[in-house]
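Right, one structure below, let's go through it.
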Amino acid sequence: MTTIGPLTLRRRTYAEAVRARSTTADRVALAALALLVLLALLAPVLAPHSPTLRSGEALLPPGSSGHLLGTDALGYDLFARALYGMRASLFAAALVISSGVLVGGLVGVLAGTLPPWADGLLMRITDLFLALPGLVIAMAVAASLGASYSSALIGIAVVWWPMYARLVRGEIRAWAARPHLEAARLAGVPWGRRVTRHLLPGVRSTVVIAASLDVGGLVVALSALSFMGLSSPAPAPELGAMAAQGMQYLLTAWWVPIVPGVAVMLLALTANYAGDAVRDMLRRR
């Protein structure tokens, strides 16, 4: 007879609870995002040609032999470049969100648990970053570091953490005011134990919701920097740069700028729907 351990039972119970909280629309949105992520991860396997080497005649239309989405003005395969561009966009979004959660989360936890003077100092610094025009600052940072993929990531990451700091600080303050946390503090429970065992688990859902809703906005912001030439130079397969380079062919070879534009739209739209699904599922608990 097969025995089921407590851990397996908890996993099954959690999976059943997640399924019970999700609607068909939620599952479709999450499945669509998972499919896009899978396509991006499998780009080296699925791409029929190199994204940075000529593979055919210039400006072949979609459906041409060996080129599902056609080629651009230099003969690069657009399907391969779109796959690699989606991969770069998703990786960049994951990296910026991770840095935002780490830096902003740390600032928020410190502000929410340290004495009022430290809270005030950290929040005034956070407010300073929030008051600055984010995309303009990101452009300035990326331009000052030189056009490259890492410069664009640093430029966006510099302005992306304050929102998480504000969010985490507010949640930490709300949780810290609860009676059982107040009792733990008066009982002399160490600061680190209160934070790791009681406060951080309380803000986890809020941070997950915010991060999931951030993916679409980050894809668009990073594509905007790339469109303005502040990311990797050609022939790097980046969606914004591909759209910018193809704009001059919009009336004669529409697929050159439209294919990367549609890829950005699909990523942003699907990520937004998936973020809404995650939010709704967590709020139904």
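The values are calculated or read from the model by the stated rules, or taken from the named source; none is laboratory data. Values in this document were obtained by computation on a predicted structure and should not be read as measured data. Backbone-built Cβ (ideal geometry, glycine too); neighbour counts: all protein chains shown. Heavy atoms of the whole protein, side chains included, go into the accessibility calculation; ligands, DNA and RNA do not. Shrake-Rupley method; radii C 1.70, N 1.55, O 1.52, S 1.80 Å.
Remark: the chain carries 53 Å² of accessible area per residue (probe radius 1.4 Å; ligands, DNA and RNA excluded). Rounded to the nearest 20 debye, what is the charge dipole size of the stretch 196-285 about its Cα centre when +1 sits on each Lys and Arg Cβ and -1 on each Asp and Glu Cβ? Using Cβ point charges on Lys, Arg, Asp and Glu, the stretch 196-285 gives about 560 debye.
Accessible surface of the stretch 24-72, 1.4 Å probe: 72 percent of it comes from carbon and sulfur atoms.
Over the residues of the chain, the helix contribution to mean residue ellipticity at 222 nm works out to -24000 deg cm²/dmol, using -39500 (n - 2.57) for each DSSP H run of at least 4. Charge dipole (Cα centre; +1 on Lys/Arg Cβ, -1 on Asp/Glu Cβ; no other charges) of the chain amounts to roughly 1460 debye. Overall, the stretch 45-200 carries a charge dipole of about 720 debye about its Cα centre when +1 sits on the Cβ of Lys and Arg and -1 on the Cβ of Asp and Glu, all other atoms neutral. Taking amide H positions as modeled 1.01 Å from N, with prolines and chain starts lacking one, the residues under 5 Å from residue 77 and 5 or more places away or on another chain are 55. With the charge dipole of the chain set up from +1 on Lys and Arg Cβ and -1 on Asp and Glu Cβ about the Cα centre, the Cα lying farthest toward the positive end among the listed residues 114, 198, 260 is that of 198. With a simple spin-label model that places each label point 7 Å from the Cα along the Cα-to-Cβ direction, the separation between residue 68 and residue 117 comes to 6.2 nm. Selection among 93, 275, 42 by position relative to the dipole of the chain gives 275 as farthest towards the positive end (Cβ unit charges, Cα centre). If you run the Gaussian network model on the chain, springs between alpha carbon atoms under 10 Å, then out of 46, 69, 59 the most flexible one is 46. Can you tell me the FRET efficiency between residue 145 and residue 31 if r is taken as the Cβ-Cβ distance and R0 is 41 Å, rounded to the nearest 0.05? For R0 = 41 Å, the calculated efficiency reads 0.60.
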